[in-house]
Amino acid sequence: MDKYDIPRKPVARVTQSTLVPSSCGTSPEPGSGPAEPAKHGWLHRDNESPEELINKDLATEFSGKRGFNGRWFYRPVKQQPTPFDSAAMLESEEKGRYIYRNQLGQIYHKYDDVATYLSPTKFVPKRLVVQATNDVFENQLKTGDWRRTEIKGSVPVVLKIAEWALKPSNPDENGKVPFLGWLWTFLRILLIAFPLQILLVLPTTASWDDGDIKDNYTDFPGYHWKWPKYAINPLDMRPSETALGKPARNVSSRKRLLRPRQLVVLKDGEWVVDPNPAKDISYLFISYTNLHFNTDNSLSGRQEVENMAVFATLKAGKTAFWLDFKCRAPRDKPELLDEDVYRMCDVIRGSYQVVVMLKSEQTEQKMEWGSRMWTLPEALLAPGDSIHFCYPVDDSFKNFKIGSMRKVEMTGSVWEDPDVDGEDGGPTRLLAEHFTGLLTLSRLEILSNGIAALGNRFTNNYKSNTQSDVAYALMGLLNYRIEKEESDTLFQSIARLSLANDSDRLIERMICLFPDPHTSASSFQELASPDLFQTHLWDIEPECQVVGVADEDNTVLIDNCKAMHIRWKNFPRMAVVRHYGMKKALAELFVASGAWWFLFGFNLTVTYAPFYAFPSGLSGTSLLHTLEFLVAGFFAVGIFLSLIGPFSVRRLYGGQVLQSSPNLIGFEGVMPLAKLEPLIFGNNNGRLSYEASSTPFSYHYRNPKERVGLEPDWIRDSLKHPEGIREIERMLPEGHHIFTLVDTGGLTVSVFSAERPPTVALLAGREGGMLRAVLCSWRFKNDCLYRETVVRMSSDVFEAATRKSWLKICLGDQGA
């Protein structure tokens, strides 16, 4: 398939999304060919070139000035590095606009400037506006590539007025209300009592109904249309490759080598290379490092290795050995050479023993050999529990000696592993114990420890090796092999290897991991260690499926993953179900009837005013006094209900929340719950609480008796003592910002750090009784989700989220 082809849309699906080039003037149907780009005159207004228009647009969007799009916002100052765009499609090289196909198959065109999100209502990319605290505006307005706006809640007007009047009488930190507070409250009530009663009878402001409660979180309307580089199922491969006769680039496996292709065999007193050795011949596998003998360039080095190999073979009572530069294919046959190199593990498994050639008996020689990446599989796969070493006894290289060492013993003197906090041994030690039968590792543990052990040795290998060679060395420890691909990165190679083997869904578990953002280690180097939640890879149960490996590094396509949209621009009007008791019933009665008492009194006054002017018209003074009493009573009740109106309004909109519409809402910075809850619900009634163990920020603030989240001191006192925030910010990884996530479904608050505000939450797995929510930012340019951080959520969230098909997610750095 060339770059203009569009993958066929699944028949059973109606709404999909894509990223493909198309015309500006037309929107072709999914699966159709490209239309000719239309010419837009406005692109060349004022005789400006497209490049000048793009630069002008960027200068405007990153001016730091104030803007308005229905509400005031502040533009970013500096453009941040954008992620890779090898999968992004330009409308044309001149115009510089990117093309996005949404899940409905509709085409949308946009320049790439500030951060964007995928609108859950219009299904098009829109510029992201993030609500931020005052502290962010004062100290971080010049960072980030997203627009910012002030935090504003969507609270009913009558509740705002009532809370303003009652605010002075709110208890302080000690639960006391000063007399002056009651006095100010009384004066404010006098000021707003009558206007509040008028608002309570108007149809636009008198609604205090709970409204309809949503069952699900807001959906993320994403679907990725591009073909993967490697697909799990051959039907999902790029059609152009099979059409051109190229091999199918799915997750394939290479056949095993059941016996060596050729061996060095003793025949008629001479050692010769036998291209067709007997199937039952017993042979030695000769291991060495080119660092010691330089066999690539030194004939004497080759001769030294051969002499020791002959000695070791005869010493073992055998007549054949395998030596790489003698038995593997020549360099002028790269296809056969690759087969021999990457299936060397099969030769090791079939050997009688593995003998290592050294230049001396010194421990440093063994350590140099053990530090090489390719020698580790040779030792681990060696038959038995010991490795044999051959070395000369003098400088003549004519007399040799054989020694041996148990594999487990080698982990203390030959193999070095970095110290792992909380672990009793490094990955090499665990692998040595497994391959000698001392313990049994799971497939997942073999893969993760193998990656860690080989990754630590990668820097000690030849400069000509690529990082993907770690995967090719690793596959020797597994059952199935993969074909070599020069263009593959380390992630792509290991992802293919993992998906080809029954590796207990390694990549799916990797998506849920929360690696330490302070380290620069690759995605695989820390697999054998616990993540920031102190969770191992095998503790996670995936809730998604990897269906392919993308063209970009550290990127895969996943299916059957539940996703939720995160709202950043403001807090929506909350729809909740409250406890309906006697107090609320009376409050509703008082609010509904307060203005009517005034109306009845006013009506009596106007109706019988002429009788006051002409009292002779009345049959007696008793009726006049009765009317006066009724009018006074109506007005008195109206005044009383008006004075208690703010309290009634607070009770109507307050009370215990039994159910709330599920939403994920974020803002930049932190805010005390006493200030945050009134923005969402209008008043502070203890509805919100911090999730007990959702992020590392909540680890140190647990209740010692109950699993209840407590508000950190540096957040509770942030308005009075902002130095607490400064101290936390200094501990963050470079480029990270502090964000707060509010879950109105569970009424919980979580604080996390990330480079960019995530707009999508993927429920990709679960562990320890909670869900793993991968928070991702989204770039429309290549329709890719980027993992920003991972938080833990309650399992109740899972059923309220929507499953999605074919999403592309990157686990690496956006600047990669």
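The figures follow:
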quantity: LYS152 paired with SER298, simple spin-label distance in nm, labels 7 Å along Cα-to-beta-carbon; calculated: 7.7
quantity: Heavy atoms of GLU150 accessible to a 1.4 Å probe, total area in Å² rounded to 10; calculated: 90
quantity: For segment 97-212: rounded, prolate or oblate by the Cα gyration tensor [a/c cutoff 1.5]; calculated: oblate
quantity: Segment 662-781: C-alpha gyration tensor shape, a/c 1.5 cut-off, then a/b vs b/c; calculated: rounded
quantity: Theoretical gain in end-to-end length, ASP172 to LEU141 [0.36 nm per residue, Cα-Cα removed]; calculated: 7.9 nm
quantity: With every protein chain in place, segment 257-399: carbon and sulfur % of accessible area (1.4 Å); calculated: 47
quantity: Trypsin sites (Lys or Arg not before Pro) within segment 147-177, DSSP loop, no more than 10 other Cβ atoms inside 10 Å; calculated: LYS176
quantity: Accessible area, probe 1.4 Å, largest first, for residues ASP385, ASP215, ASP324; calculated: ASP215, ASP385, ASP324
quantity: Out-of-range pairs (alpha-carbon distance over 31 Å; input LYS160/LYS705; LYS315/LYS407; LYS65/LYS152; LYS65/LYS781; LYS110/LYS569; LYS56/LYS142); calculated: LYS160/LYS705
quantity: Calculated FRET value between LYS705 and HIS518, using beta carbons and R₀ = 35 Å, to 0.05; calculated: 0.60
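The values are calculated or read from the model by the stated rules, or taken from the named source; none is laboratory data. Worth saying up front: this structure is predicted, and the values here are computed from it rather than measured. In this analysis, Cβ positions are derived from the backbone assuming ideal geometry, glycine residues included, and neighbour counts consider all displayed protein chains. Ligands, DNA and RNA are stripped out before the accessible areas are found, and what is left, the full protein with its side chains, is counted by its heavy atoms. Shrake-Rupley method; radii C 1.70, N 1.55, O 1.52, S 1.80 Å.
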